[in-house]
Each structure stands twice: as C-alpha cells, then as structure tokens.
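This is the structure, below, for whatever I ask next.
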Amino acid sequence: MNLPFKVNDRERKFIVYGIVVVVLIILFNLFTWYSDTKSKVTDVSEEKRFMIRKQLAKIEEKDYLEKKTTAIKQELDRQERALLKGGKPPVAAATLQRTLKEMATSLNIDVKLERAINPVDADMYLAIPVEIGFKAATNELKSLLVQIQRSPYMLMISEMKIRVTNISKPDDIYTTLVVTGFIKKPAEEEKNRKEKENAA
C-alpha cells in the first residue's frame, strides 16, 4: 500500500489496522441495521398477516351468519304460508271447518258435528281448534287422517275419540276429531304480549 506521504513501517501497520477496524465497525453497523430492519419488517408482516386472518375470519363468520339468517327466514316464510287464511280467529276457524268438510265430503264422509273451540295462545301464533264428528269406516278414517296430514295448512290433530256404533258389526265407527290450525297473532295482541313479558 503506497501512501502519498512518508511513514515508517510501524505507522503503516497502525494505519492499516485502523482502516481494518473502521471497515469492521462499518460492517458491524450495517449488519446490525440490516438485522433490525429485517426483524421489524418480519414483525410488521406477521402483524399484517394476523390482521388479515382476523378480517377473513370475520368475513367468513358474517357469510355464515347471513346464510343462516336467510335459511331461518325461508323456513319462517314456508311456515307462515301454511297458516290459516284470515287474520281473525272466527274467519280462520270458518276456513278450517270448510277445509275439513271438503276433505270429508271427498271421501263420502257425512260430518254430523262441527264447532269452533276458543283460540289458544301459542307464543307468536294463535291456535285455532275446530271439532268435527262423523261416522265412517276405518279405511275412510285412515284416508281422512292422511289428507289432514298432507294439507297445505299446518294442521295438528290435538284430540281423537273413537266409539264403535255397532259392536256386532264394528266396521263403522263414530269419530270425534279436534283439529288445530294456526294464525299469526293480530299486531295489537302481539304488542300487549311483549309488554307483559317485559313488565314481568
């Protein structure tokens, strides 16, 4: 190494060692800066990845909840389409009586008894029970029960009484059925029910 000024060997060694030390210090500082920067970048990247994963989880949860809400709404719509027509209990009872009589007539069953029973509170709905009585053969009774089950309305047989009219010839039986349909509660009644629940 030639220097522009004269130095002896001892000074030359000192200068070379000084330059090596300075270079090592610079390299150490560069390495430290690089390590710190890399660590910070890694930390920031991990944090961003974590935030993205959280946001994706929220989006997936939101999608799941939206799908579930849609399914519940569709099921509720399907059930409400199966409610009796007519917003008031007497109208709904008349609809149910007419439906049951049409079913019985289609099977040549003569309905002897028809009466509406007082509505029953069924949470958000009103249960509308109707009683019918008729004499029929066992296979006709079975066919009527199947028709009630397949009705487009949501119907439930809440009571059934069977009496044999002629013990020596038990083909014909007298049957009394209580069939219950449902209507949505009128808005005023629903509001009063909610107020009572909140007050309790």
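Of everything in segment 106-145, what is of a type in the set (Lys, Arg) and farther than 15 Å from residue 160 by Cα? Give them in sequence order.
Listed by number, the list holds a single entry, 112.
Moving to a separate point now. Tell me, please, whether a residue that is closer than 16 Å to residue 155 by Cβ and part of a helix (DSSP H, G or I) can be found in segment 67-75.
No; the residues of segment 67-75 include none that is closer than 16 Å to residue 155 by Cβ and part of a helix (DSSP H, G or I).
Could you pull out the residue among 105, 99, 138 that is modelled with pLDDT under 90, among the hydroxyl-bearing types (Ser, Thr, Tyr) and assigned by TED's automatic domain parsing to the domain that holds residue 182?
138
Please note which strands (runs of 3 or more DSSP E) are completely contained in segment 118-180 and include at least 3 residues that are touching a residue at least 12 places away in the same chain (Cβ under 8 Å), among the aromatic types (Phe, Trp, Tyr) and under 27 Å from residue 89 (Cα atoms).
none
Return only the number of the condition from (1) in contact (Cβ under 8 Å) with a residue 60 or more places away in the chain; (2) closer than 28 Å to residue 142 by Cα that residue 87 does not satisfy.
The one condition residue 87 does not meet is (2).
Looking at segment 119-133, which of the residues that are out of contact with any Ser or Thr (no Cβ under 6 Å at 6 or more places or on another chain) and among the hydrophobic types (A, V, I, L, M, F, W, C) is surrounded by the most Cβ atoms within 10 Å (Cβ to Cβ)?
Only one residue tops the list, namely 128.
Which one of these is within 30 Å of the chain's Cα centre (by Cα) and modelled with pLDDT of 85 or more: 173, 132, 162, 183?
183
Another question, if that's okay. Looking only at segment 63-76, decide whether some residue is surrounded by 10 or more Cβ atoms within 10 Å (Cβ to Cβ), over 16 Å from residue 185 (Cα atoms), touching a Lys or Arg at 6+ places or on another chain (Cβ under 9 Å) and hydroxyl-bearing (Ser, Thr, Tyr).
Within segment 63-76, none of the residues are surrounded by 10 or more Cβ atoms within 10 Å (Cβ to Cβ), over 16 Å from residue 185 (Cα atoms), touching a Lys or Arg at 6+ places or on another chain (Cβ under 9 Å) and hydroxyl-bearing (Ser, Thr, Tyr).
To continue, here is another question. So, in segment 76-117, exactly how many residues are part of a loop (DSSP other than H, G, I, E, B) and closer than 14 Å to residue 151 by Cα?
Matching residues across segment 76-117 total 4.
Of all residues in segment 96-117 being touching a residue at least 24 places away in the same chain (Cβ under 8 Å) and of a type in the set (Ser, Thr, Tyr), which is surrounded by the fewest Cβ atoms within 10 Å (Cβ to Cβ)?
My answer is 106.
The values are calculated or read from the model by the stated rules, or taken from the named source; none is laboratory data. Source: prediction; values computed, not measured. Methodologically, a virtual Cβ is constructed for each residue, glycine included, from the backbone with ideal geometry; neighbour enumeration extends over all protein chains shown.
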